[in-house]
Amino acid sequence: MQMIDAAMARSRTVILGLVSVLIAGIITYVTIPKEAEPDIEIPIIYVYIEHVGISPEDAERLLVRPMEQEIRSIEGIKEMIAEAFEGGASVQIEFEAGIDTDNALQDVREKVDLAAAKLPGGSEEPTVNEVKMTRFDPMLVLNLSGNVPERTLTTIAKNLKEDLEAVGGVLEVNLVGVREELMEVVVDPLAMESYGLDQEQIVSFVARNNKLVAAGSMQSSEGRFPVKVPGVFESAADVLDLPIKADGERIVHFKDIAEVRRTYKDAESYARLNGKPAIAIEIVQRGGANLLQAIDDVMAVVAGAQQYWPDEIEVSVSKDKSKDVNDMLTELQNSVMAAVLLVFIVIIGILGIRSALLVGISIPGSFLLGILLIGSFGITINMMVLFALIMAVGLLVDGAIVVTEMADRRLAEGESRRDSYSRAAIRMSWPIIASTCTTLAAFVPLALWPGTSGEFMKYLPITLIAVLSASLFMALLFVPTLGAIFGRTGANTEEARRNLTVAETGNLDEVTGPTGRYIQFLKRSLKHPWRNVAAVSGLLLAVYSAFFLFGKGIEYFPEVEQPFGMIDIRARGDLSTEERDHLVRQVEERVLGMPEIEFLYAKTGSSDRGAEDQIGSLTLNYVHWDQRRPADEIFAEIHERTRDLVGIRIETRKPDSGPPIGKPIRVEFSSRFN
């Protein structure tokens, strides 16, 4: 082929290109964003409308229906689920897979703006958010705890939240266990009556004075002056010094009939770490950001802020996904090094040290060129990419071995290194191309897999296609060029050279050694072809039959030991936050003290999974897997410990090992009647 001849004639240029590819691949591998799971686009958009105090029936009539009437006209909607509850309503819109979520989000926002004009006056501005996998699985969870006042801990958590939101790789930061601060006014009823005031007058008076007045500016011959009217309360003194009535010559101030104090709203959620009150800071990764770099930046911000905190405050990490990513990267590097060593061992015994070096360099070369390709397409290194790279280790050396073996035979016959590797690459080019293309063809349909599962899985075939394509260039261009300079025959003995000559031009029965024994076995097998076909067919049927009879079925992703587990706590009824927390504490107390659990993070309140009856959850951070029992046994003991608890239901679950697919079976009920 002309391309191979051109490469052999310009060996210095090719070697320079190889060095450039290796350097660029290393730089790309170091700088490419790394994350645990691929950040796929889930075609679901969520609309939330808050209206304090509204009943579920009124929310359905006044909030849900106007929103549904506007949104249903959007094209591409697969399913729309609306929910009305006390204090607000929500609408979940699922689009057909493959839709452009940015355009869908824009369409939904336009329709929500139209529907907002039809909502009651007390409704808050509707919020529109797209569903992201990273929102449900924070990359880092920090816990602040210590023997300090609640206000101190809350202030530090809020200040830290603002600092962390400025980190480039952070999408959002959520605080759990923080109560909203407010100013509480306690009116003395006797003093109020003595001045001839009533409660309605006081409330309306405060509301009229706590307003932002946009006064603009004044212009005169001497210039333009901005006008500012102080109308918003900024401190308790502003409220206390407010004049509310003139009683003769005396001015009655607010402090004469009431007292003002700073406090917090009633808690809507609680967070504890190992049974102690704490504020949890859940940090969500920005899509496409480098998880390892983002977590390093977050920890640097925390370390810098911690210098100004009281010594009593402790920071603990209950979840850190960078450990999983680092483990997977370490496994990849170990697999590559193990593959190179095994190839060296095998090839050295057959073709010699130099041929083994030529084949061995094709492994990291193909990896780095493949990573360079996927990095140029904007793909991050994630779980599926790492799986594909590990899988490709045994597939990418075939072409280099074939070319090197063919060139080694020609070297043994006395040809020059350049002619041997050039003719070997040209002679074997089409077989290698055909072999690679047939392998790639098996993965192309996976890259076109539709739906959410396809979006999650497509990174595996894309990576394999990139790496195997890179191995084709390594086998046909770079390895022959290097072989023309450094190659040497591995057939050093007289017997090896004679076998090569006989195999090429002589009688095959004269070949000795393992190759000769294989030739004799093959000749005997070819004398009874139908017997061989029957034996292979019988073996194939036996394997399939054994799988269907004794196999354990088919599953999407295999279950593996995860570093943490979750417990969902469910209960029915109109329970207050304190009642929910009491039930969660009962479960928490039964689980605390198990030796396999390093951190126990308890959260009472709203559910991230959208279940109405979920009142709280526990996250179990296990010790290292080789120092504990399997997760199934731990869950079995938890069920045994909590069996006597009544009024609640415990559901233990493991993290999903693949894309979010929900429950195996989902039953929905609908009716045309209210």
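The values are calculated or read from the model by the stated rules, or taken from the named source; none is laboratory data. These numbers were taken from a predicted model, which means no experiment stands behind them. Cβ coordinates were reconstructed from backbone atoms using ideal geometry, including for glycine residues, and neighbour counts include every protein chain displayed. In case anyone asks, the SASA skips ligands and DNA or RNA and just uses the protein heavy atoms, side chains included. Shrake-Rupley method; radii C 1.70, N 1.55, O 1.52, S 1.80 Å.
The table below gives the values:
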quantity	calculated
Wholly within region 117-235, helices (runs of 4 or more DSSP H) carrying at least 2 residues that are closer than 30 Å to residue 319 by Cα	133-136, 150-165
Subset of region 298-309 [open to solvent by less than 50 Å² (accessible area, probe 1.4 Å) and either among the aliphatic types (A, V, I, L, M) or within 14 Å of residue 144 (Cβ to Cβ) (or both)]	298, 301, 302, 305, 309
Test for residue 181: is it within 30 Å of residue 151 (Cβ to Cβ) and open to solvent by 60 Å² or more (accessible area, probe 1.4 Å)	yes
Region 413-427 - residue that is assigned to a helix (DSSP H, G or I) and without any contact (Cβ under 8 Å) to a residue 24 or more places away in the chain and, of those, surrounded by the most Cβ atoms within 10 Å (Cβ to Cβ)	423
Scan of region 631-669 for residues that are at pLDDT below 90, assigned to a helix (DSSP H, G or I) and touching a strand residue (DSSP E or B) at 6+ places or on another chain (Cβ under 6 Å), ordered by number	631
Which listed residue, of 93, 15, 44, 49, is modelled with pLDDT under 90, crowded, with 16+ Cβ neighbours inside 10 Å and of a type outside the set (Lys, Arg)	44
Subset of region 259-272 (residues that are assigned to a strand (DSSP E or B) and farther than 19 Å from residue 601 by Cβ)	259, 260, 261, 262, 263, 264
Region 240-258 - residue that is exposed (fewer than 14 other Cβ atoms within 10 Å of the Cβ) and in a strand (DSSP E or B) and, of those, modelled with the lowest pLDDT	247
Filtered residues of region 113-147 (kept if open to solvent by 80 Å² or more (accessible area, probe 1.4 Å) and closer than 15 Å to residue 286 by Cα)	136
Some residue of region 148-158 being open to solvent by 30 Å² or more (accessible area, probe 1.4 Å) and over 28 Å from residue 303 (Cβ atoms)	no
Any hit, region 558-569, residues being without any contact (Cβ under 8 Å) to a residue 24 or more places away in the chain and either open to solvent by 50 Å² or more (accessible area, probe 1.4 Å) or assigned to a loop (DSSP other than H, G, I, E, B) (or both)	no
Pair list, Cβ under 9 Å, 6 or more apart: region 217-239 residue surrounded by 10 or more Cβ atoms within 10 Å (Cβ to Cβ), other residue assigned to a loop (DSSP other than H, G, I, E, B) and of a type in the set (S, T, N, Q)	231/210; 232/210; 233/210; 238/210; 239/210
Cross-chain or 6+ apart pairs with Cβ under 8 Å, region 81-92 first and assigned to a loop (DSSP other than H, G, I, E, B), then among the charged types (D, E, K, R) and open to solvent by 40 Å² or more (accessible area, probe 1.4 Å)	87/50
Residue check for residue 361: of a type in the set (Val, Ile, Thr), surrounded by fewer than 23 Cβ atoms within 10 Å (Cβ to Cβ) and under 23 Å from residue 17 (Cβ atoms)	yes
Candidate set from region 273-297 (those that are over 25 Å from the mean Cα position of the chain (by Cα) and assigned to a strand (DSSP E or B)); member that is surrounded by the fewest Cβ atoms within 10 Å (Cβ to Cβ)	276
